[in-house]
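Where a number appears in this text, it was derived from the coordinates with a stated rule and is not lab data. Nothing here was measured: the structure is a model prediction, and the numbers come from that model. All Cβ positions, even for glycine, are placed from backbone atoms using ideal geometry, and neighbour counts span all protein chains on display.
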């Protein structure tokens, strides 16, 4: 980017400096909110105690709260934000649809179905304890497959139906259909498994074991690397399939890369943290507003940082710092995401094709 | 003569159409045509004649059902997607609607087949992009968003994009559709320059026969499931354009290269005068259904010239005076020449 902008100075207003500034600010906010997430929680701890624990090792109770609970939770928040936001951006570009996102198109629901099969499905023959030993990768893989199947269905349909609203309605139908299947499964399952599943659906960042966190970290890292590799393809896809292939893009390959990438990102997040709404759809728009560009070489790092910040903030808010209560994460992300989505709808009401 | 000129594209017994399952929906069964370096070729045909299908097939966006398409003497099937993108560029009526995409970004995407996997724009790419922007006169608009510029400007930006793509052959499906008349001619002027000065071969489809005839070096006329190739004048001589119209109320006038409706003929009139005033008066007369005769007779219309600022209509019985063509035509519409 640096070289590009240096040379295009004679052609274009130098916005590169602004973009660097924004990137720096975003990186700083990620760090600030990450630290804040450590400091603020439902158990109120003095800052001085936290600092003491962080740097010189304080009392045992505090270091458990900090290192076994708050630190992994903050990392999880960061990963979840990144994963959902990047997959949302990719979906919006590949479907050429400003309203696309993992939750809206039913991809999250698909992942939930995969998880439901693992958590609920085995109850017929296997005791609840056995599930824990099944391993996290099975849970994640089921989630990937669930997300992948729905992604494939939507891709298949969107190749035939171009209308954005129709696709969204189909996404809603798919979500409802999947919920119906899950409800049926709940009906036939044991009470303890049902409870485990229902808690999972509320969305939470704090229930991950360190093994699960590792799996999540590896998956998100893989997804992010793949998404960065796909940025040139995504830029070409902005032109629409015809122009994209006329400038030499292998559309099938591009679709497969994006498809695998979004399935991994959405699937892994959903497997461990439950269906978390509105981050995937709202964050890419925030990145577009902030960076005012369509270039994915900037938008992808941008959504990564903004996704991280938004999720950390959501986590802090959901802890209701200072109080003993915790509110569900999903209500916080919805309250942050929905205004952005409404703004996009209002702005685009004239052109249902613009994204 | 022709062997000295570089052959850019050749179509041999090309069969085009769509495949649905095992069934073939053939639009044009056998096409033969050639395009040489620096030619501006207009593709003409009725709606549904297969113009877009043909252009998409040439651009490799759609598979042919038989026969061959050769770019620079090599079969299109032997090209990879990237290789083909370096040979042929494509523009259709489809509008790019990406949010926050500026003109520079759009043009830079034309370098897609030349950049590495990161899409990095190096010095050489940068030069090509700047050149494409300059050649299309878009320099002042590089940082404008494509959603905010006019249709004509967006079309120029699209042309800049395929210029940056650096192909010998440019395929354009109705590049002047949706454009106002000024932008239409600006785009055509641009295409003409690209063909003549930069040696690009441009194949474009259009519904505007007048534009095609006046600007194109060659016409590919799609009619009756065939492709007729030739200079516009050749096709005029052969009377091929008349096949374009089924309806008998529209007629192509080979002498003038214009179209006219069959209007109930109201009579003949002789026009006396010169220059543009005479030309426009004749046009107005034929529009309202009069045949202009070359034989001096009555009624006779004397058009303004010199001191005379009025149109004088001299009939057997009397003389009428009009101060404008509108006044003249509205009176003539109401008059029965035979009785005056």
Checklist outcome for this item: At the level of C-alpha centres, the distance separating the stretch A:240-261 and the stretch A:151-195, in angstrom, is 26
Item to check | Computed over the stretch A:201-355, Cα set: Rg, Dmax in Å | outcome: 17.3, 59
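Shape call for chain A from the C-alpha gyration tensor, a ≥ b ≥ c root eigenvalues: rounded (a/c under 1.5), prolate (a/b greater than b/c) or oblate?
Values: a/c = 1.94, a/b = 1.17, b/c = 1.66.
It comes out oblate by the Cα gyration axes.
Rank these for me by crowding, B:300, A:273, A:261, going from fewest to most other beta carbons within 10 Å. Can you show the working numbers first?
Details: B:300 16, A:273 26, A:261 23.
Ordered by Cβ neighbours within 10 Å, fewest first: B:300, A:261, A:273.
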Checklist entry - Per 10 Å bin, what is the whole-percent P(r) computed from every C-alpha pair distance within the protein assembly as shown? => result 3, 13, 18, 18, 15, 12, 9, 6, 3, 2, 1, 0, 0
Checklist outcome for this item: Square roots of five times the C-alpha gyration tensor eigenvalues of the stretch B:267-334, ordered largest first and given in whole Å, equal 15, 13, 13
Checklist entry - Taking the DSSP beta bridges in chain B as the whole, what percent of them are antiparallel, to the nearest 5? => result 60
Item to check | Debye log10 I(q)/I(0) at q = 0.06, 0.07, 0.13 Å⁻¹ for chain B, Cα point scatterers | outcome: -0.32, -0.42, -1.00
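For the stretch A:236-308, what does the relative contact order come out to in percent, with C-alpha contacts under 8 Å and a separation of six or more? Before the final figure, lay out each step's value.
Values: 28 pairs, mean separation 12.8, N = 73.
Relative contact order for the stretch A:236-308 comes out at 18 percent.
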Checklist entry - With a 10 Å Cβ neighbour count serving as the proxy for reagent exposure, in which order, fewest first, do A:230, A:15, B:297 appear? => result B:297, A:15, A:230
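Just checking the output field for A:224-233: average partner chain Cβ neighbours within 10 Å of each residue's Cβ? Show your work: numbers first, answer last.
Numbers: counts 0, 0, 0, 0, 1, 2, 1, 3, 8, 3.
So the per-residue partner count for this stretch is 2.
I need to check one value: relative contact order of the stretch B:28-187, counting alpha carbon pairs closer than 8 Å and at least 6 residues apart, in percent. Could the numbers behind the result be given before it?
On the way: 167 pairs, mean separation 46.0, N = 160.
Value for the stretch B:28-187: 29 percent.
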Checklist entry - Over all residues in B:100-106, what is the mean tally of Cβ atoms on other chains that come within 10 Å of each residue's Cβ? => result 6
Checklist entry - Counting pairs of alpha carbon atoms under 8 Å apart in space and at least six apart in sequence, what relative contact order in percent does the stretch A:71-347 give? => result 35
